[in-house]
1. Sketch the reach of a paramagnetic label on ILE6 as a point 7 Å from Cα along Cα-to-Cβ, and name the residues of region 216-258 whose backbone nitrogen lies under 18 Å away.
2. For region 241-382, what does the relative contact order come out to in percent, with C-alpha contacts under 8 Å and a separation of six or more?
3. From the Cα gyration tensor of region 41-88, with a ≥ b ≥ c the square roots of its eigenvalues, which class applies: rounded if a/c is under 1.5, or else prolate if a/b is larger than b/c, or else oblate?
4. LYS59: which aspartates and glutamates have alpha carbons under 16 Å from its alpha carbon, excluding same-chain residues fewer than 8 sequence positions away?
5. Choose one answer from GLY26, GLY154, GLY226: the residue with the largest mean-square fluctuation in a GNM of the chain with alpha-carbon springs under 10 Å.
6. Could you tell me the center-to-center distance, by alpha carbons, between region 72-138 and region 207-240 in angstrom?
7. Using a Förster distance of 51 angstrom, determine the FRET efficiency expected from the C-beta separation of THR370 and LYS62, and round it to 0.05.
8. VAL30: net charge of surrounding residues, Cβ under 14 Å, Lys/Arg +1, Asp/Glu -1, itself excluded?
Amino acid sequence: MNFDTIYQYNFPTIIRFGQGSSKELGDYLVKNDLLRPLIVTDPIVAQLDFFKKMLTELKGKKISVEVFSDLHKNPVKSDVYKGTDVYDNTSRNAVVGIGGGVALDVARAIVLRVNHREDLFKYDDLIGGDVYVTNDVPHFITIPTTAGTGSEVGRSAIIADDDTHQKKILFSPKLLAKVVFADPMLTMDLPAPVTAATGMDALTHNIEAFLAKMPHPLCEGIALEGIALIHQSLENAVNKPDLQSRSKMLIASLMGAVAFQKGLGVVHSLAHPLSALLDTHHGLANAVNIPYGMQFNIKGCEDKFKRIARTLELKKESGEAVVEYLFDLNSNIGIPHKLSRIGVKAEHINTLADLAIADFAHPNNPKPVTREDFKGLYENAL
Ligand SMILES: NC(=O)c1ccc[n+]([C@@H]2O[C@H](COP(=O)([O-])OP(=O)(O)OC[C@H]3O[C@@H](n4cnc5c(N)ncnc54)[C@H](O)[C@@H]3O)[C@@H](O)[C@H]2O)c1
Ligand SMILES: [Fe+2]
């Protein structure tokens with residue numbers, strides 16, 4: 001770390017964490033005079049019992065509720081435009097995102113679009129679009145129902161182009177939620193495969209953030225504790241879930257997203273093209289790629305890998321031991337070791353490598369990654 005430089009660190013979100021915290025939503029809306037919220041969720045969560053109960057409770061408090069849930073599995077720009085039309089046409093005055101990363105990202109992108117009507121991708125962070133996010137945005141509240149992306153505490157939304165499926169990142173500190181209600185009870189019935197895939201996304205955030213090149217001791221501390229919590233709880237959350245394992249996963253996923261303001265890395269850049277090209281779930285794509293990505297990162301990061309190994313309570317404190325741990329963890333939670341098992345074919349690799357090198361995540365990887373490196377990593381994982 002260079003102590004001659006001025007760094008900026010932000011930890012501003014109010015987080016109401018704990019069993020039952022989501023029940024505070026209604027009173028919060030009433031207290032803040034937000035009686036016409038747009039609730040953004042996905043079509044599956046919209047059908048779940050806890051969601052229906054939440055709506056009933058809100059209506060009981062005389063809150064006018066409008067639900068938008070017409071989202072793609074990997075969300076695209078037109079989802080955001082449709083949701084914004086609903087916001088406008090039904091005169092809403094706040095946005096509540098309830099769901100996994102998809103619902104929360106679309107909710108956040110709607111929050112942006114309400115008062116920023118240029119083409120959505122003009123605000124793409126990779127081309128410096130955040131400078132155009134200058135107007136006020138609606139009051140934004142998030143309620144996560146998966147323990148993975150940590151999007152509830154994020155300031156970015158990942159939305160793909162409808163035609164190319166390339167993921168763009170919309171970023172602005174204005175897009176932070178004003179309050180997060182993080183209630184582990186909402187994740188109790190997450191199916192095992194979703195728990196596994198989203199949990200590995202959270203682990204990838206914590207590990208990649210810990211390794212990312214930006215100097216940020218606060219985030220590194222958070223990331224290591226996030227890794228420890230996931231080590232203690234992910235296998236149980238998948239195989240015999242209880243409140244303890246669900247709670248630890250929920251807070252660890254949130255910590256991963258706080259930590260990755262430091263940056264992500266090669267694994268996310270390997271994963272994003274799989275979602276773009278093959279509609280693979282984001283967490284699953286990270287899960288299969290992370291052991292290979294970490295093998296690639298060991299050289300030059302030996303000390304940091306030792307600290308990860310210590311956090312994971314491994315007998316051998318080395319990068320290789322961390323890689324082995326990741327393969328074993330994947331086996332124990334039902335995630336395959338090979339990309340061919342999730343629909344990737346040799347003929348996809350060139351296109352995947354083109355998309356990966358154009359991705360926004362790898363510039364923060366602790367070491368540079370070339371297109372050839374991406375190709376090699378995909379071939380290795382195939
Ligand atoms: N904004 C960010 O910082 C950030 C970071 C990482 C990933 N992402 C994005 O997040 C998305 C992935 O999010 P995700 O992994 O949470 O997946 P997701 O939102 O697609 O949810 C996974 C599945 O679980 C279902 N589900 C959600 N909650 C449930 C519950 N309580 N019970 C039963 N089923 C439930 C959903 O309907 C969905 O089918 C991707 O689009 C990715 O690009 C965003
Ligand atoms: Fe992720």
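Read the figures in this text as sums done on the coordinates, not as results from a lab. Because the structure is a prediction, the values reported are computed rather than measured. In this analysis, Cβ positions are derived from the backbone assuming ideal geometry, glycine residues included, and neighbour counts consider all displayed protein chains.
1. 216
2. Relative contact order of region 241-382: 31 percent.
3. Judged from the Cα gyration tensor, region 41-88 comes out oblate (a/c at least 1.5, b/c at or above a/b).
4. Partners within reach: GLU24, ASP27, ASP33, ASP49.
5. Highest fluctuation of the listed residues: GLY26.
6. 29
7. That gives a FRET efficiency of 0.30.
8. +2
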